[in-house]
1. At a temperature of 37 °C and a viscosity of 0.692 mPa s, determine how fast the range 37-99 diffuses translationally according to Stokes-Einstein, using the Kirkwood radius over alpha-carbon pairs as Rh; express D in µm²/s, rounded to the nearest whole number.
2. List the trypsin sites (Lys or Arg not before Pro) within the range 14-105 that DSSP assigns to loop and that have no more than 16 neighbouring Cβ atoms inside 10 Å.
3. First obtain the Kirkwood hydrodynamic radius of the chain from its Cα pairs, then insert it into the Stokes-Einstein equation at 10 °C and 1.306 mPa s, and state the resulting D in µm² per second as a whole number.
4. Averaging the inverse of every distinct alpha carbon separation and then flipping it gives the Kirkwood radius. What is it for the range 17-72, in angstrom units?
5. Among the GluC sites (Glu not before Pro) within the range 55-115, which fall in a DSSP loop and have no more than 15 other Cβ atoms within 10 Å of their own Cβ?
6. Quick one: pull the percent of accessible area on the chain belonging to carbon and sulfur, 1.4 Å probe, ligands and nucleic acids left out.
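The values are calculated or read from the model by the stated rules, or taken from the named source; none is laboratory data. Here the structure is a predicted model, which means the values were calculated and not measured. With ideal geometry, Cβ positions are generated from the backbone for all residues, glycine too; neighbour counts draw on all protein chains shown. Keep in mind that these areas ignore ligands, DNA and RNA; they rest on the heavy atoms of the full protein, side chains included. Shrake-Rupley method; radii C 1.70, N 1.55, O 1.52, S 1.80 Å.
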Amino acid sequence: QVQLVESGGGLVQAGGSLRLSCAASQSIINFYTRSWYRQAPGKQRELVATITRDGNTNYTESVKGRFTISRDNAKNMVYLQMTSLRPEDTAVYYCNAKLARLDYWGEGTLVTVSS
């Protein structure tokens, strides 16, 4: 069983930056596609960014040019650098790791962007 633990959330003013981190308990995670999702109050969970084991990235339209996903396989880590934050980015951010039918989630970290 792989465990994922997010950190780095908090309160930030609009226009500010945060970096989220996701630590994995096992190095096998490096073979997985890693993603960040978020869920705002009253809304469904949405995919924010994805990075494959080969380093290919993809972003939802609303964060393109503002967020950057990266991974450090030597440390079993994945990061989400968030800049130019907006109030609508307020959500609980979840780390995900997926490989075929294996699908792991962290507990989430809250990001609050004040206007």
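1. 263
2. Those satisfying the criteria are LYS43, ARG45, ARG53, LYS64, ARG66, LYS75, ARG101.
3. Value of D from the Cα-based Kirkwood radius: 114 µm²/s.
4. Details: mean 1/r = 0.0803 Å⁻¹.
Averaging 1/r across every pair of different Cα atoms and inverting gives 12.5 Å.
5. Hits after loop and neighbour filter: GLU107.
6. Details: 2890 of 6220 Å².
Carbon-and-sulfur percentage of accessible area, whole number: 46.
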